[in-house]
Amino acid sequence: MPTSRNPSPRGWNSADAATAPLPRNAHHVDLIQQSHERCTALGLTRIERPDYAPLLRSDLSVAKDRNQRLFTHAAPVMEMLFEQIVDTESMIVLTDAQGTILHAVGDNDFLSRAGKVALAPGVNWAETSKGTNAIGTALFEERPTLVHADEHFMHANHFLTCSAAPIFDPRGNMLGVLDVSGDQRSYHQHTMGLVRMSARMIENHWLSDDFSNRLRLHFHARAEFIGTLLEGIIVVGADGKILGANRSALDQLAMTGISLRGHTLTTLFGTTVAAVHDHFRMPLPVPMKLSLPNGLHFHASARFDWGTRRVFGGLPEGFDDNPRRDESRGEAAPAGAAAPHKPPSGLQFLQTGDAQVEAVVQKVRRVINRDIPLLILGETGTGKELLARAVHQESNRAKQPFVAVNCASIPESLIEAELFGYEEGAFTGAKRKGAVGRIVQANGGTLFLDEIGDMPLPLQARLLRVLQERVVTPLGSHKHIGVDIAVIGATHRNLREMIERQQFREDLYYRLNGLVLKMPPLRERSDLAVVARRILQGECPQGAPEISAQVMDLLLRYQWPGNIRQLANVLRTAAVMACGEAQITEAHLSDDFLEDARRMPPRAAAPVAVAAPAVMPMAAPAPVAAPAAPVAAAPAPAAAAAAAPNRTLEEIEIEMIRAALDATGGNISEASKRLGISRNTIYRKLRWNKSG
């Protein structure tokens with residue numbers, strides 16, 4: 001049954017709606033005439049009684065199940081659209097690609113009138129069934145369609161004015177139709193615009209969901225339009241190929257979907273995936289400037305999560321670069337395509353032969369789906385978010401959202417709004433319609449709070465209340481939103497010491513640390529050779545170069561202050577330099593890394609590695625430890641820091657940062673490159689430890 005509403009009068013009112021005459025240009029007249037001719041050819045008559053026989057309840061249930069994903073994306077948009085047209089004797093209708101109504105919301109009085117012409121769930125409104133009407137004609141024409149009053153083929157529908165827009169997936173397949181139908185006396189010239197924008201909103205949600213693990217570029221000729229419904233969105237594969245786009249992108253680029261998918265990021269905008277990745281991984285990046293070959297200029301923002309998902313090179317199943325398979329359409333890989341070899345998924349992906357990591361994985365396996373919060377400790381770059389994603393992937397919440405919030409990267413003045421969301425007008429500069437917070441976005445799934453130790457103290461109290469009551473109150477609102485979330489926190493700080501210094505709430509600490517896990521730094525792991533080869537496999541899927549014995553010796557003796565993230569940066573550069581060659585040699589490494597690595601003493605014997613799982617994608621031998629050497633009289637600062645037995649991880653990190661700054665003459669940009677961490681991280685660590 002359609003959902004009725006009895007709201008207090010607000011929004012439009014038919015009495016004060018614009019009374020501009022209905023536009024009847026030649027194109028519109030031809031469209032209606034051609035539709036009428038089709039209806040006559042089908043044998044329909046204008047005085048035919050409406051078909052009151054909807055689908056059987058079981059058949060409607062099957063149709064809804066088949067289109068559940070469409071309903072999931074469309075329902076909140078329909079509710080928002082209803083707020084704009086409330087009390088105008090109207091209703092909002094969602095149909096499938098065959099024209100069968102799946103869902104409807106509207107004013108009580110009008111729903112009753114609509115029921116008399118079978119405008120209700122379960123009834124088919126294709127042209128073959130109901131003659132010329134906005135839903136059926138939009139399906140046939142595959143474009144937004146207005147059918148007003150006596151333009152309807154059947155006399156029984158002349159009291160209606162209907163505005164419908166088709167909904168497409170990123171590959172151009174028809175998903176369904178969104179329609180606003182109302183009393184023809186309540187016609188408003190802006191209704192079609194609202195319907196078209198709402199359909200595009202649904203398409204954008206679908207695209208983001210379909211390609212959640214792909215690079216997505218959001219662009220417009222005017223930077224202020226990024227983040228609005230006017231922005232174009234294109235999806236880019238790891239190899240730079242364009243995989244899909246929304247309709248605004250096609251309009252701005254003046255291309256069809258097929259022609260756009262024949263391009264790469266390089267042929268379209270003259271840039272590469274690596275360049276985009278490097279630009280947007282910097283702290284607080286500005287929009288990137290892109291240009292078409294014809295000279296048109298755009299501003300672009302990027303959405304991707306590759307920074308942590310690709311730390312080992314490949315992506316686990318569920319984090320991969322394949323769009324979601326749409327079971328309802330039976331989509332599958334192209335015939336004859338070779339099935340790519342997939343690395344192990346979830347926690348299994350982390351099992352690369354190191355005993356410490358293996359212990360972490362075994363602990364996690366015991367508490368998955370037990371509603372026990374996890375707190376992950378470890379230095380910057382050790383893969384804390386990768387572990388959190390793997391836990392989510394292995395849990396019962398795997399099909400629900402994984403939402404990561406870096407508490408250190410969001411400005412203190414905005415983190416509250418980012419987490420809890422806000423209502424319209426909650427503060428100056430807020431989006432007109434407000435915004436949903438990250439906690440609500442994670443509803444049903446997992447909320448990952450990275451660098452939780454950097455969360456402002458006043459905000460910790462609000463977060464604690466949410467975790468206890470599972471209820472969120474957006475800024476500027478009195479409504480309470482219930483949430484069901486699994487919580488995983490992570491930090492490189494010593495939270496117990498912060499509690500003693502009254503910089504972290506003790507009650508929040510005990511709420512977060514159901515099970516505390518420590519990701520070991522790379523210099524303490526025994527699987528560096530395996531990790532390095534995995535990174536190269538991910539960077540060069542068509543044939544990764546080998547690592548020469550000399551380079552492997554340098555990798556093993558280096559102390560890796562930036563951990564796996566730094567190793568990935570070093571190898572990514574080396575792989576590019578060695579393009580087409582069989583081996584990575586010292587000639588392919590950057591000079592600053594070579595200089596630092598050669599100053600390091602040979603690496604002491606590493607802990608004995610556990611046996612790697614049988615499902616490892618490649619049988620890489622465990623690294624052979626370099627022979628121990630006599631301790632140098634004046635060891636390098638990083639080595640001395642690592643060797644100090646009573647130093648905390650935080651103290652070691654600070655020592656390494658200061659050593660890098662000394663070596664670069666205080667040049668923070670150069671130090672950040674050498675360490676493989678951002679300038680923002682260096683500033684933050686030195687600020688928190690300025691007393692040291």
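Any residue in the range 24-41 that is under 10 Å from Thr137 (Cβ atoms) sitting within a Cβ distance under 7 Å of a residue that is in a helix (DSSP H, G or I) and of a type in the set (Val, Ile, Thr)? List the pairs, counting only those 6 or more apart or interchain.
Note: pairs meeting the criteria are Ser35/Thr137.
Residue under question is Glu539, and the condition is that it be in contact (Cβ under 8 Å) with a residue 24 or more places away in the chain and surrounded by 20 or more Cβ atoms within 10 Å (Cβ to Cβ); does it hold?
The answer is yes for Glu539.
For Leu508, only one of the following conditions fails: (1) at pLDDT 90 or above; (2) under 17 Å from Val466 (Cβ atoms); (3) touching a strand residue (DSSP E or B) at 6+ places or on another chain (Cβ under 7 Å). What is its number?
(3)
Results for (1) within 26 Å of Ser208 (Cα to Cα); (2) touching a helix residue (DSSP H, G or I) at 6+ places or on another chain (Cβ under 6 Å); (3) at pLDDT below 90, shown as yes or no for each residue.
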residue: Val403; (1), (2), (3): yes, yes, yes
residue: Ala408; (1), (2), (3): yes, yes, yes
residue: Pro411; (1), (2), (3): yes, no, yes
residue: Ala417; (1), (2), (3): yes, no, yes
residue: Glu424; (1), (2), (3): yes, no, yes
residue: Gly437; (1), (2), (3): yes, yes, yes
residue: Pro458; (1), (2), (3): no, no, yes
residue: Gln468; (1), (2), (3): no, no, yes
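Looking at Ala238, is it assigned to a loop (DSSP other than H, G, I, E, B) and of a type outside the set (D, E, K, R)?
Judged against the criteria, Ala238 is a match.
(1) surrounded by fewer than 17 Cβ atoms within 10 Å (Cβ to Cβ); (2) modelled with pLDDT under 90; (3) touching a Phe, Trp or Tyr at 6+ places or on another chain (Cβ under 8 Å): which one isn't true of Ala149, the others all being true?
That leaves (2) as the condition not met.
Taking the stated definitions as given, is Pro166 modelled with pLDDT under 85 and assigned by TED's automatic domain parsing to the domain that holds Leu139?
Considered against the rule, which asks whether it is modelled with pLDDT under 85 and assigned by TED's automatic domain parsing to the domain that holds Leu139, Pro166 comes out as no.
Which number in (1) crowded, with 22+ Cβ neighbours inside 10 Å; (2) modelled with pLDDT under 90; (3) charged (D, E, K, R) marks the one condition that Arg525 misses?
(2)
Going through the range 512-522 one residue at a time, which ones are at pLDDT 90 or above and either among the basic types (Lys, Arg) or part of a loop (DSSP other than H, G, I, E, B) (or both)?
Passing the criteria: Lys518, Met519, Pro520, Pro521.
The rows are residues; the columns are (1) in the same structural domain as Ser409 (by TED's automatic domain parsing); (2) closer than 15 Å to Val405 by Cα; (3) touching a strand residue (DSSP E or B) at 6+ places or on another chain (Cβ under 9 Å).
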residue: Gly444; (1), (2), (3): yes, no, no
residue: Phe448; (1), (2), (3): yes, yes, yes
residue: Ala461; (1), (2), (3): yes, no, no
residue: Val471; (1), (2), (3): yes, no, yes
residue: Pro474; (1), (2), (3): yes, no, yes
residue: Asn494; (1), (2), (3): yes, no, yes
residue: Glu500; (1), (2), (3): yes, no, no
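What do you reckon, is Ile547 at pLDDT 90 or above, under 26 Å from Phe448 (Cα atoms), over 27 Å from the mean Cα position of the chain (by Cα) and β-branched (Val, Ile, Thr)?
Judged against the criteria, Ile547 is not a match.
From the list Val93, Val117, Val105, exactly one residue is β-branched (Val, Ile, Thr), crowded, with 21+ Cβ neighbours inside 10 Å and at pLDDT below 90. Which is it?
The match here is Val117.
Do any helices (runs of 4 or more DSSP H) lying entirely in the range 48-145 carry at least 2 residues that are without any contact (Cβ under 8 Å) to a residue 24 or more places away in the chain and out of contact with any Cys (no Cβ under 7 Å at 6 or more places or on another chain), and which ones are they?
Helices (runs of 4 or more DSSP H) meeting the threshold: 57-66, 68-85, 108-115.
Within the range 194-227, take every residue that is among the small types (Gly, Ala, Ser) and crowded, with 20+ Cβ neighbours inside 10 Å and give me the one that is nearest to Met174 (Cα to Cα).
Out of the qualifying residues, it is Ala199.
Does Thr191 fit the bill of being farther than 23 Å from Ile85 by Cα and surrounded by 24 or more Cβ atoms within 10 Å (Cβ to Cβ)?
No; evaluated as a whole, the condition is false for this residue.
Of the residues Leu386, Leu375, which is crowded, with 16+ Cβ neighbours inside 10 Å, in contact with a helix residue (DSSP H, G or I) (Cβ under 8 Å, 6 or more places away or on another chain) and closer than 16 Å to Asn513 by Cα?
Leu375
The values are calculated or read from the model by the stated rules, or taken from the named source; none is laboratory data. Note that the coordinates shown come from a computational prediction; the quantities given were computed from them, not determined experimentally. Cβ coordinates were reconstructed from backbone atoms using ideal geometry, including for glycine residues, and neighbour counts include every protein chain displayed.
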